[in-house]
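Here you go, one structure.
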Number of protein chains: 2
Amino acid sequence: MNSTLILASASPRRRELLAQAGYLFEVQASSVDESRRSGEDAIRFATRLAREKAQEVFALRQSSADPTLVLGADTVVVCDGEILGKPVDAADATRMLLLLSGRTHHVVTGVAVVAGELLVEVAAEVTQVTVRTLSPQEIADYVVGGEPMDKAGAYAIQGYAARWIPRISGCYFNVVGLPLALVASLLEGVEFRLASQTIPARSLSLG
Amino acid sequence: MNSTLILASASPRRRELLAQAGYLFEVQASSVDESRRSGEDAIRFATRLAREKAQEVFALRQSSADPTLVLGADTVVVCDGEILGKPVDAADATRMLLLLSGRTHHVVTGVAVVAGELLVEVAAEVTQVTVRTLSPQEIADYVVGGEPMDKAGAYAIQGYAARWIPRISGCYFNVVGLPLALVASLLEGVEFRLASQTIPARSLSLG
């Protein structure tokens, strides 16, 4: 990869995953409004936010001399028709964990790669996650421990909640927050489109 | 848990997973012969080794005053009818990765909990893992990097190979080396049996 890769996310989990998969990148968090529009389903919501995050950071980098690829991502949990983001407080975390207990839910991550105004790739990954039945005491202890607070759906599969999750179906890294195989494939596609163009992406993005 | 938990494994991944799930434990590696008996299938092989590892370490702890639970585990990969352990050298790692490329395989971990001669619980977890097609260059670079060498099936899902694995079906932690939900359930079962006995496990094991 010859372009500079920017991860438009403040999440330490996404940073760790992208580094684990061998990518070299910079981090620049976006400041987009993360509220959901009425009638927007989980996939539309997560992919719109991913695109907005990546486009905002791409716009901030317009002045950069190097060609830039910006990666945005947003993760939500869907259970029993309800879309769960990060809990707002301990009571909200408890409510979410009670909802997930003994059920199978879906984790949806929207991913966007932006390399110019006309070079935007967006996709979503969906993973099915089964949580065993949790006792009220287990939920209370987990919430007091603090792990749920900055996680969509109020749990971290890569944390203490690991022992409560006997099975998933789909991409594991999606559940942590960044579907690595999908990201690799999107980045390869955009790199290929960049390489096969006579006009550099930077010119394209300047319109 | 009132008993001392011992992990009978030298694997740093198993140690990290068990700590992540919130367990307090000691580590004592076993020295059992890990060769497969003729005609032994993957589940029998992995569960026998898990039990032998745990029983060996339990026997070494006989003199300990505290009641002890010993956890043993063994992981193998099954692809296209072939059982893969750790590669013996770089050529063997390359051969295994060529076999896994573009295919779905199974990861089998045998788990055993030993708390006395009559208190032995054994189980196995099987997870289906899909690997995308790998180029000869990708395989060569990965083998040179050294990650495959001490891993069953010559890859680490929690490492660089993450980007090659778009989906799994089953327990993720099993693929790393220790199925945490299964381990939690076995430990709870053995603790319950210990708690409901009038004779302490230590006396049983000396019987």
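Scan segment A:89-104 and give yes if some residue there is assigned to a strand (DSSP E or B) and in contact with a His (Cβ under 7 Å, 6 or more places away or on another chain), otherwise no. Can you show your working first?
Within segment A:89-104, the subset assigned to a strand (DSSP E or B) is A:104.
Of the ones still in play, those that are also in contact with a His (Cβ under 7 Å, 6 or more places away or on another chain) are none.
Within segment A:89-104, none of the residues are assigned to a strand (DSSP E or B) and in contact with a His (Cβ under 7 Å, 6 or more places away or on another chain).
From the list B:Val175, B:Val111, pick out the single residue that is facing another protein chain (nearest Cβ under 9 Å) and at pLDDT 95 or above.
Values: B:Val111 fails: facing another protein chain (nearest Cβ under 9 Å).
Within the list B:Val175, B:Val111, the selection yields B:Val175.
Just to be sure before I move on: is B:Val57 assigned to a helix (DSSP H, G or I) and without any contact (Cβ under 8 Å) to a residue 60 or more places away in the chain in the structure I sent? Lay out the reasoning, then the answer.
Numbers: assigned to a helix (DSSP H, G or I): yes; without any contact (Cβ under 8 Å) to a residue 60 or more places away in the chain: yes.
The answer is yes for B:Val57.
Right, next: Can you pull out the residues in segment B:123-168 that are in a strand (DSSP E or B) and either charged (D, E, K, R) or surrounded by fewer than 17 Cβ atoms within 10 Å (Cβ to Cβ) (or both)?
We begin by selecting, within segment B:123-168, every residue in a strand (DSSP E or B); these are B:123-130, B:167-168.
Those that are in a strand (DSSP E or B) and either charged (D, E, K, R) or surrounded by fewer than 17 Cβ atoms within 10 Å (Cβ to Cβ) (or both): B:Glu125, B:Gln128, B:Arg167.
Are any residues in segment A:154-172 small (Gly, Ala, Ser), within 21 Å of B:Val183 (Cβ to Cβ) and more than 8 Å from every other protein chain (Cβ to nearest Cβ), and if so, which ones?
Step one: list which residues in segment A:154-172 are small (Gly, Ala, Ser), which gives A:154, A:156, A:159, A:161-162, A:169-170.
Still in the running and within 21 Å of B:Val183 (Cβ to Cβ): A:156, A:159, A:161-162, A:169.
Scanning segment A:154-172 gives A:Ala156, A:Ala161.
Let me ask you something else. B:Val70 fails exactly one of the following numbered conditions: (1) more than 20 Å from B:Ala184 (Cβ to Cβ); (2) of a type in the set (Val, Ile, Thr); (3) surrounded by 24 or more Cβ atoms within 10 Å (Cβ to Cβ). What is the number of that condition?
Checking B:Val70 against (1) more than 20 Å from B:Ala184 (Cβ to Cβ); (2) of a type in the set (Val, Ile, Thr); (3) surrounded by 24 or more Cβ atoms within 10 Å (Cβ to Cβ), the one that fails is (1).
Is it the case, given these coordinates, that A:Asp80 is surrounded by 24 or more Cβ atoms within 10 Å (Cβ to Cβ), touching a residue at least 12 places away in the same chain (Cβ under 8 Å) and closer than 26 Å to A:Ser169 by Cα?
Working: surrounded by 24 or more Cβ atoms within 10 Å (Cβ to Cβ): no; touching a residue at least 12 places away in the same chain (Cβ under 8 Å): yes; closer than 26 Å to A:Ser169 by Cα: yes.
Spelling it out, it is not the case that A:Asp80 is surrounded by 24 or more Cβ atoms within 10 Å (Cβ to Cβ), touching a residue at least 12 places away in the same chain (Cβ under 8 Å) and closer than 26 Å to A:Ser169 by Cα.
Okay, next question. When segment B:52-66 is examined, which residues are found to be of a type in the set (D, E, K, R) and surrounded by fewer than 23 Cβ atoms within 10 Å (Cβ to Cβ)?
Let us first name the residues in segment B:52-66 that are of a type in the set (D, E, K, R), namely B:52-53, B:56, B:61, B:66.
Passing the criteria: B:Glu52, B:Glu56, B:Arg61, B:Asp66.
Restricting the search to segment B:120-157, which residues are charged (D, E, K, R) and within 23 Å of the chain's Cα centre (by Cα)?
If we filter segment B:120-157 for residues that are charged (D, E, K, R), which is where we start, we get B:121, B:125, B:132, B:138, B:141, B:147, B:150-151.
Result: B:Glu121, B:Glu125, B:Glu147, B:Asp150, B:Lys151.
Go through segment A:144-193 and give me each residue that's over 23 Å from B:Trp164 (Cα atoms) and either touching a Pro at 6+ places or on another chain (Cβ under 7 Å) or aromatic (Phe, Trp, Tyr) (or both).
Across segment A:144-193, the qualifying residues are A:Pro148, A:Met149, A:Ala154, A:Tyr155, A:Tyr160, A:Trp164.
I want to confirm something. Restricting to segment B:178-200 and keeping residues that are in a helix (DSSP H, G or I) and at the interface with another protein chain (Cβ under 9 Å from one of its Cβ atoms), which single residue is farthest from B:Ala54 (Cα to Cα)?
Ranking the qualifying residues of segment B:178-200, first place goes to B:Ala181.
What number of residues within segment A:1-49 satisfy the criterion of being away from every other protein chain (no Cβ under 14 Å) and part of a loop (DSSP other than H, G, I, E, B)?
Number satisfying all stated conditions: 20.
Out of A:Ala93, A:Ala21, which single residue is within 30 Å of A:Pro166 (Cβ to Cβ), surrounded by 22 or more Cβ atoms within 10 Å (Cβ to Cβ), of a type in the set (Gly, Ala, Ser) and in contact with a helix residue (DSSP H, G or I) (Cβ under 8 Å, 6 or more places away or on another chain)? I'd like the intermediate steps shown before the answer.
Working: A:Ala21 fails: surrounded by 22 or more Cβ atoms within 10 Å (Cβ to Cβ).
Exactly one of A:Ala93, A:Ala21 is within 30 Å of A:Pro166 (Cβ to Cβ), surrounded by 22 or more Cβ atoms within 10 Å (Cβ to Cβ), of a type in the set (Gly, Ala, Ser) and in contact with a helix residue (DSSP H, G or I) (Cβ under 8 Å, 6 or more places away or on another chain), namely A:Ala93.
Follow-up question, since we're still on this one. All but one of (1) within 14 Å of another protein chain (Cβ to nearest Cβ); (2) at negative phi hold for A:Ala90; which doesn't?
Against the list (1) within 14 Å of another protein chain (Cβ to nearest Cβ); (2) at negative phi, A:Ala90 comes up short only on (1).
So which pairs qualify, if the first residue must be in segment A:7-22 and within 19 Å of A:Val114 (Cα to Cα), the second must be surrounded by fewer than 18 Cβ atoms within 10 Å (Cβ to Cβ) and among the aromatic types (Phe, Trp, Tyr), the Cβ gap must be under 7 Å, and the two must be at least 6 apart or on different chains?
Sorted first by the residue in segment A:7-22, then by its partner, the pairs are A:Leu7/A:Phe25; A:Leu18/A:Phe25.
Filter segment B:72-108 down to the residues that are more than 25 Å from B:Pro12 (Cβ to Cβ), of a type in the set (Asp, Glu) and over 20 Å from the mean Cα position of the chain (by Cα) and list them by number.
Scanning segment B:72-108 gives a single hit, B:Asp80.
Would you pick out the residues in segment A:60-76 that are assigned to a strand (DSSP E or B) and more than 15 Å from A:Gln28 (Cβ to Cβ)?
Within segment A:60-76, the first condition is being assigned to a strand (DSSP E or B), and the residues that meet it are A:68-76.
The answer is A:Asp74, A:Thr75, A:Val76.
Now a separate question. Quick check, is A:Thr4 surrounded by fewer than 19 Cβ atoms within 10 Å (Cβ to Cβ), in contact (Cβ under 8 Å) with a residue 24 or more places away in the chain and of a type outside the set (Lys, Arg)? Outline the logic, then answer.
Details: surrounded by fewer than 19 Cβ atoms within 10 Å (Cβ to Cβ): yes; in contact (Cβ under 8 Å) with a residue 24 or more places away in the chain: yes; of a type outside the set (Lys, Arg): yes.
Yes: the conditions hold for A:Thr4.
The values are calculated or read from the model by the stated rules, or taken from the named source; none is laboratory data. Not measured: the values here are computed from a predicted model. Using ideal geometry, Cβ is built from the backbone for each residue, glycine included, and neighbour counts are taken over all protein chains shown.
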